[in-house]
1. Would you kindly identify the strands (runs of 3 or more DSSP E) lying entirely within the stretch 126-230 that contain at least 2 residues that are within 25 Å of the chain's Cα centre (by Cα), modelled with pLDDT of 95 or more and under 24 Å from ASP109 (Cβ atoms)?
2. Would you point out which residue out of GLU108, GLU118 is assigned to a loop (DSSP other than H, G, I, E, B), at negative phi and surrounded by fewer than 13 Cβ atoms within 10 Å (Cβ to Cβ)?
3. Of the residues that make up the stretch 324-347, is at least one surrounded by fewer than 16 Cβ atoms within 10 Å (Cβ to Cβ), charged (D, E, K, R) and not in a loop (DSSP other than H, G, I, E, B)?
4. Report every pair of residues separated by at least 6 positions or lying on different chains whose Cβ atoms are under 8 Å apart, first residue within the stretch 147-160 and in the same structural domain as PHE28 (by TED's automatic domain parsing) and without any contact (Cβ under 8 Å) to a residue 12 or more places away in the chain, second of a type in the set (D, E, K, R) and open to solvent by less than 60 Å² (accessible area, probe 1.4 Å).
5. So which residues in the stretch 294-313 are open to solvent by 10 Å² or more (accessible area, probe 1.4 Å) and not hydrophobic (A, V, I, L, M, F, W, C)?
6. Do we find a residue being more than 15 Å from the ligand (Cβ to nearest atom), surrounded by fewer than 19 Cβ atoms within 10 Å (Cβ to Cβ), under 20 Å from the mean Cα position of the chain (by Cα) and among the small types (Gly, Ala, Ser) anywhere in the stretch 282-293?
7. Quick check on VAL136: is it aliphatic (A, V, I, L, M) and touching a Gly at 6+ places or on another chain (Cβ under 7 Å)?
8. Provide a single number: the residues in the stretch 236-281 that are closer than 24 Å to SER176 by Cβ, touching a strand residue (DSSP E or B) at 6+ places or on another chain (Cβ under 9 Å), within 12 Å of the ligand (Cβ to nearest atom) and not β-branched (Val, Ile, Thr).
Amino acid sequence: MGSESVVLGQKVLAPDTAPAPASTFFIFGASGDLTKRLLLPSLYNLAHEGVLVDDFAIVGVDHVAQSEEDYRAFLTDAVRELPGSLDTEGETWRWLISRIHYVSGDFEDPDTYGRIRERLDQRKPQTGNAVFYLAVAPRFFATISEQLGAAGLLKEAEDAFRHVVVEKPFGADMPSAKALNRRLLAVADERQIYRIDHFLGKETVQNMMALRFGNGIFEPIWSKEYIDHVQITAAETVTVEQRGGFYDATGALRDMVPNHMFQLLAMTAMEPPNSFDADAVRSEKTKVIEAIRHMRPSEAIGAAVRGQYRAGFVNGQAVKDYRDEKDVNPDSRTETYVALKCFVDSWRWNGVPFYVRTGKALAVRRTEIAIQFKRAPGVLFRHLPTALKPNLMVIHVQPDEGVSLRFAAKVPGRKVRLSDVEMSFKYADYFKAAPSTGYETLIYDCLCGDPTLFQRADTIEAGWEAVEPILEAVGGGENEVQFYSAGSSGPAMSDVMLAQDGFQWLPLERDRPR
Ligand code: BG6
């Protein structure tokens, strides 16, 4: 992560990023959705920022037989259709598109890898550095890596790094994640494997470390002594859209919890690392995920609520029943919402519940981490008509990135009355943000060989281990889905889960004050 050269007050974010080393960026799944929607726009933004050197090249790899010219035209058309589309007439796009090449071939055919090797050998000026980005269906992750290995393409040399980027989902449960790790690690070293969790590319998620460890005032109160509970929310308004086939076999628990949600939890609960060294940071995060208490499948009933959306309205738009979505089983029991009560069994967090919820077709799009502190002793204000509210700190991950803090203040006047007030920091008020898909930082870090924001094998496995009992309970029919209307805050049972502990979720209303 780059060093800061931010001038507060003047609201300038000075460019402080050194160009990434020359390399060839191979994209497997070159015609796929991820390539069009996210990878190309991110590479465009990096080119625009000036951090891609002249000797940078992209090579799309896919089974479609087409010429380089056809592939370039296909990409240009595809990015033109994106909302807020890129300027395909401008200098940046011309620069980028002239560096895009194409290799056609089947991912399972060794000849494809022969052509990749030729392409790498033909590079002028020569660079042996290569990134292999697997933007493909998960069933190809191991196959492609093994083929790369067999072709000798993962062998590194002093002037030739070889990195493999693996998308999510990384496995579908603990055994499959372990098996995938085994196969990858048989052909590449751990430091060559970049397992993506795009939540770690989000600026506000990275800011958690700055907030917690770059300030003196938070860390002393960041523990069970002062914190009552934590709520981590990733609410989405989107439905399963065109992804019914994938989603119905996956569900919200597998799709979001062992990866994105546990990364947010780990950022919140980790101990300060000794340095920003990749392994120092990743070890601290892994320790948190390993410390998430493993419930028994029978306990999953009270500590996990699964929901599925029914017809309703989201932002005024009619949404149909999940079971009527394309490629979804009409009797599906797959969850589109999940709420969990987790405990981190460590000295610092003993007894503090971490409530985690995520779902689709909800009332608002909002990702946030809310830290609720213990109430102040009410002795002095016992006579007041309403009880003091606890202090609440909210880290707004998206949208409206920022941090807010709720506390009590005296209402002006001769009588002592208290009211909640809020201090609020919004990123947009201080910093001019560069356009970002969230993938730019991750691609840049991978090009520079910095794996800090990527998942290690043990982190992934710890995440699956913690959700395994819930998956077991679901498989055993013990944790049935509850229905909720599209456009609501999720199933009522989720509110009950918190109410039983004397808490309440932060409302998911659209116009809730920050
Ligand atoms: C993906 C999930 O990893 O993250 C999607 O597969 C989800 O189901 C998405 O919609 C959420 O990411 P973001 O960045 O839009 O919050």
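1. Details: elements: 130-134, 162-166, 193-195.
Filter on the stretch 126-230 gives 130-134, 162-166.
2. Numbers: GLU118 fails: assigned to a loop (DSSP other than H, G, I, E, B).
Within the list GLU108, GLU118, the selection yields GLU108.
3. If we filter the stretch 324-347 for residues that are surrounded by fewer than 16 Cβ atoms within 10 Å (Cβ to Cβ), which is where we start, we get 324, 326-327, 329-331, 333, 345, 347.
Next, from what is left, pick out any that are charged (D, E, K, R): 324, 326-327, 331, 333, 345.
Retained after the next criterion (residues that are not in a loop (DSSP other than H, G, I, E, B)): 324.
Yes, the conditions are met somewhere in the stretch 324-347.
4. As it stands, the answer is LYS155/ARG162, since those pairs meet every condition given.
5. Within the stretch 294-313, HIS294, ARG296, PRO297, SER298, GLU299, GLY302, ARG310, GLY312 meet the criteria.
6. yes
7. Working: aliphatic (A, V, I, L, M): yes; touching a Gly at 6+ places or on another chain (Cβ under 7 Å): yes.
Here the answer is yes, as VAL136 does meet what is asked.
8. 10
The values are calculated or read from the model by the stated rules, or taken from the named source; none is laboratory data. Predicted model only: the values in this text are computed from it and were never measured. As a convention, Cβ positions derive from the backbone with ideal geometry for all residues, glycine included, and neighbour counts pool all protein chains shown. Areas reflect the complete protein model, heavy atoms only, side chains present, ligands, DNA and RNA absent. Shrake-Rupley method; radii C 1.70, N 1.55, O 1.52, S 1.80 Å.
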